[in-house]
Amino acid sequence: MAAKKKVAKKRKPRVAARKASKKAAKARRAKPARKKVAKKAAAVPPAVAELDERIALLRNNLRDLTEQAAASSGASNEELMSNRITEQEARLLLLIKQRDQLARRG
C-alpha cells in the first residue's frame, strides 16, 4: 500500500505542471492577439471611424426600411417607402465615397 501512495504523490506534481504549462501557453497565445487589436484600432483615423459609425447606422436604417416595406401594403405606402430607401441608399453611397477618400489620404 505504501508503494501506491508514493505513485500517487509523484503524479500530482506532473498534473500541476501540465496545468501550469497549459495556462502559460494560453497566455502566450492571447497576448499577441491583444497587441494586434490595439495596433489596428490606433491605425484608424478618427474621421474614418466616425464615417464607419455613420455608415453602420445607415445600413441599419436601410435594413429596417426594407423590413417595413415588406410588411406594409398599399400603393401610397410602397411609393413612400421606396423614396425613403432610395434616399438612404444615396446617403450611404456618399458616406462610403467620403470614407474611401479619407482612407487613401491617411
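FYI, it's all coordinate maths here, none of it is from the lab. Owing to the predicted nature of the structure, the values given are computational and were not obtained by experimental measurement. With ideal geometry, Cβ positions are generated from the backbone for all residues, glycine too; neighbour counts draw on all protein chains shown.
Looking only at residues in the stretch 62-76 that are within 26 Å of the chain's Cα centre (by Cα) and not charged (D, E, K, R), which one is nearest to Arg91 (Cα to Cα)?
Selected residue: Leu62.
Filter the stretch 78-106 for residues that are touching a residue at least 40 places away in the same chain (Cβ under 8 Å) and of a type in the set (A, V, I, L, M, F, W, C) and give the result.
Listed by number, the residues that qualify are Leu95, Ile96, Leu102, Ala103.
Do you know which of the residues in the stretch 59-85 that are polar (S, T, N, Q) and within 24 Å of Val48 (Cα to Cα) is surrounded by the most Cβ atoms within 10 Å (Cβ to Cβ)?
The residue in question is Asn61.
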